[in-house]
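Only the coordinates and a few stated rules stand behind these numbers; no lab work does. Bear in mind the structure is a predicted one, so any value in this text is a computation, not a measurement. When we count neighbours, we look across all protein chains shown, and the Cβ atoms used for this are built from the backbone with ideal geometry, even at glycine.
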Amino acid sequence: LDSDREAALTIAVTPSELDTRLAGGWTIPASWYSDPALYQDELDRIFARRWHLAGRLSALSKPGDHLVCQAGHIPVVVVRDGDSGLRGFVNVCRHRGHPVALEPGNAKRLQCRYHGWTYGLDGRLTGAPRCRLEPGFDKSELSLLPVAVDVWRDLVFVNPDPGAEPLLTSAPELDDVLAARGFDERPGFRFHGRWTYTIEANWKAWTENAIECYHCPLVHKNSFNDQYATDHEVYDVVNSGPLMGQFTKYRRRADGAPVAADGPQFRFCLLYPSAMLIEDDFVFFVGSTVPTGPDSCEFVTDTYVSPDLPEAEVESWLAAWNQTLEEDLEVVAAQRNGLRSGAVPYGRLLPTSESAIAHFHRLVVADLEREA
Ligand code: FES
């Protein structure tokens with residue numbers, strides 16, 4: 001057996017072998033895109049310990065305002081508590097697991113609709129029907145479980161680890177890279193809708209597709225590649241810490257106006273592992289990847305549009321974006337069978353065109369290797 005065939009027959013790989021592979025331009029093992037044990041490690045060591053997008057700060061302006069989101073696999077509710085600002089909790093009732101909030105809104109307290117357990121905005125259990133009949137039932141032991149909350153500009157982030165270091169300590173690039181390229185979360189854009197995509201692929205395959213544009217000329221010939229310049233010479237890629245950014249110019253504009261010569265006009269940021277922010281002059285996407293199984297995930301994005309663009313142009317620009325995402329869905333789903341088979345145990349990257357994937361793999365490996 002040559003060494004590649006040998007690797008195909010084993011799931012395990014030593015850290016030093018992996019290191020050599022990654023340094024040589026190879027991918028992580030194909031088995032990592034479907035292995036249930038590795039997936040569980042990812043949930044515990046990556047998703048449960050990293051920052052995730054929760055939503056817009058402007059949605060949490062009044063006491064009692066709350067929003068619901070996923071911090072990876074973990075459901076979360078973020079509330080504005082009148083006394084102490086923002087608080088985040090695992091959105092799982094301490095009784096039997098129903099969410100305590102099903103959708104965004106405003107309420108004086110969070111009441112689980114299943115059996116009526118009620119929690120204050122500080123997370124403390126204040127009422128549970130019939131609990132007085134139960135000797136030893138101690139409400140003070142049954143508060144909602146806290147998660148860390150942080151804010152960057154108008155964006156709210158959550159981390160399932162309540163002791164997590166602040167967002168900007170772990171991701172100073174949000175200021176350094178995005179602000180320097182004019183990223184401004186498009187103030188004044190109006191909410192247009194939430195898009196949810198079910199993806200038949202491991203979250204890493206979906207993410208890798210999002211952080212390289214090597215595939216754009218072929219897969220997105222009539223969508224993304226028609227909207228934006230994807231030539232290697234003009235497509236700016238920045239990989240720094242947990243941030244993987246892509247910046248380029250329009251090929252054509254939604255409003256038909258001439259394309260300016262300078263400045264990044266399309267701005268994309270993956271904040272590892274799940275947050276995706278995308279903006280241009282016409283749309284702003286606030287998106288998250290949610291792992292749903294060893295080889296499946298979801299992508300959920302809130303969509304905001306420019307109030308200055310006529311409705312027909314908004315719809316046409318969004319249609320091109322939806323087409324782009326549908327095309328991405330299709331290619332990553334088609335990868336799944338091949339990756340599952342293990343017949344090709346490692347892929348060979350093009351490090352110049354796919355530098356973000358190599359960077360991403362390093363982050364995944366480092367997180368998996370750290371202490372649980
Ligand atoms: Fe929430 Fe029963 S699961 S009250």
How do LYS139, LYS249, LYS204 rank when sorted from fewest to most other Cβ atoms within 10 Å of their own Cβ?
LYS139, LYS249, LYS204
For q = 0.20, 0.21 Å⁻¹, what log10 I(q)/I(0) does segment 1-145 give under the Debye formula with an equal point scatterer on each alpha carbon and no solvent?
-1.17, -1.25
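Applying 1/(1 + (r/R0)^6) with R0 = 45 Å to the Cβ-Cβ distance of CYS131 and VAL331, what FRET efficiency is obtained, to the nearest 0.05? Write down the numbers at each step before the final one.
Numbers: r = 53 Å, r/R0 = 1.17.
Taking R0 as 45 Å, the efficiency between CYS131 and VAL331 is 0.30.
By counting other Cβ atoms within 10 Å of each Cβ, how are VAL79, VAL344 ranked from fewest to most? Walk me through the numbers on the way to the answer.
Details: VAL79 29, VAL344 13.
Ascending Cβ contact count within 10 Å gives the list VAL344, VAL79.
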Can you give the extra length, in nm with one decimal, that the chain gains between ASN106 and ALA366 once fully stretched, where that is 0.36 nm per residue apart less the Cα-Cα distance?
89.6 nm
With label points built 7 Å along Cα→Cβ from the Cα atoms of ASP231 and ASP184, find their separation and express it in nm.
2.9
Value at 222 nm in deg cm²/dmol, rounded to 500, when DSSP H runs of n ≥ 4 in the chain each add -39,500 (n - 2.57)
-7000 deg cm²/dmol
Over the chain, what is the mean sequence separation of C-alpha contacts under 8 Å (at least six apart), divided by residue count, expressed as relative contact order in percent?
21
Assuming a ≥ b ≥ c are the square roots of the Cα gyration tensor eigenvalues, decide whether segment 317-363 counts as rounded (a/c under 1.5), prolate (otherwise, with a/b larger than b/c) or oblate.
oblate
Compactness summary of the chain: radius of gyration and Dmax from Cα atoms, Å, are 22.0, 74
Under 16 Å from the 7 Å Cα→Cβ point of ASN322, by amide nitrogen: which residues of segment 192-234?
192-198, 223-224
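In which sequence would GLU313, GLU17 go, from the one with the fewest C-beta neighbours within 10 Å to the one with the most? Intermediate results must be reported in sequence, preceding the final value.
Details: GLU313 17, GLU17 13.
In order of increasing Cβ crowding within 10 Å: GLU17, GLU313.
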What percent of all Cα-Cα pairs in segment 231-357 falls in each 5 Å bin, counting up from 0?
2, 8, 14, 19, 21, 16, 10, 5, 3, 1, 0
Tell me which lysines have Cα within less than 16 Å of LYS62's Cα, excluding those fewer than 8 residues away on the same chain?
LYS108
Added length on full extension, which subtracts the Cα-Cα distance from 0.36 nm per residue, GLU298 to GLU141:
53.1 nm
Kirkwood hydrodynamic radius of segment 235-299 from all distinct Cα pairs, in Å?
13.4
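For segment 123-244, what does the relative contact order come out to in percent, with C-alpha contacts under 8 Å and a separation of six or more?
18
Which FRET efficiency, nearest 0.05, do ALA23 and ARG153 yield, Cβ-Cβ r, R0 51 Å?
On the way: r = 36 Å, r/R0 = 0.71.
That gives a FRET efficiency of 0.90.
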What does the convex hull of the Cα atoms of segment 108-177 come to per residue, in Å³, rounded to a whole number?
111
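How high is the relative contact order of segment 5-138, given as a whole-number percent (alpha carbon pairs under 8 Å, six or more residues apart)? Write down the numbers at each step before the final one.
On the way: 176 pairs, mean separation 17.4, N = 134.
Rounded, it is 13 percent for segment 5-138.
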From zero outward in steps of 10 Å, how is the percent of C-alpha pairs of segment 31-92 spread across the bins?
21, 40, 24, 11, 3
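Obtain the radius of gyration and the Kirkwood radius of segment 68-130 from its C-alpha atoms and give Rg over Rh.
0.94
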Report, by chain and number, residues whose modeled amide H sits under 5 Å from the one on ALA201, excluding near sequence neighbours (fewer than 5 apart, same chain).
SER296, CYS297
Anyone know which of PHE137, PHE282, PHE157 comes out most mobile in the 10 Å Cα GNM of the chain?
PHE137
Which residue fluctuates most in the GNM of the chain (Cα springs below 10 Å): ALA319, ALA210, ALA229?
ALA319
Subtracting the Cα-Cα distance from 0.36 nm times the residue separation, let me have the gained length for ARG113 to THR352 in nm, one decimal.
80.8 nm
